[in-house]
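Here the structure comes first, spelled out in structure tokens, and everything after it is commentary.
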Amino acid sequence: MSKDCIHLQSAGKRDGNTAGCEECLQSGDSWVHLRVCLACGHVGCCDDSKNKHATRHFHATGHPVIRSGEPGESWGWCYVDRLFKDPV
Ligand SMILES: [Zn+2]
Ligand SMILES: [Zn+2]
Ligand SMILES: [Zn+2]
């Protein structure tokens, strides 16, 4: 469990570009939780949401690291290494 992840180490803090999932806001869909891409600030919905836009964003762009977009949560996640990271 002590595997290093270069993506999470090099990812900075970043605010989301939008207040909700960008794609869901456009299509009028709802989401469960929000995830913020730390490469570009894209806000997407989590895998509990029906559209899974955060995961789709990773597959579309290759941006590997997201953090939770939920208030009070600041953990990160790397899709490439499938690794969680607690806030520093
Ligand atoms: Zn990684
Ligand atoms: Zn969405
Ligand atoms: Zn991105």
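Coordinate-derived values only; no laboratory data. Just so you know, these numbers come straight off a predicted model, no measurement behind them. Cβ coordinates were reconstructed from backbone atoms using ideal geometry, including for glycine residues, and neighbour counts include every protein chain displayed.
At least 2 residues being touching a residue at least 60 places away in the same chain (Cβ under 8 Å) and over 10 Å from the mean Cα position of the chain (by Cα) is the threshold, and among the helices (runs of 4 or more DSSP H) wholly inside the chain those reaching it are 6-10. In this structure, His57 does not satisfy being within 12 Å of ligand 3 (Cβ to nearest atom) and over 14 Å from Val80 (Cα atoms). Among the numbered conditions (1) of a type in the set (Gly, Ala, Ser); (2) in contact with a helix residue (DSSP H, G or I) (Cβ under 6 Å, 6 or more places away or on another chain); (3) within 16 Å of ligand 1 (Cβ to nearest atom), the only one that Ala39 does not meet is (2).
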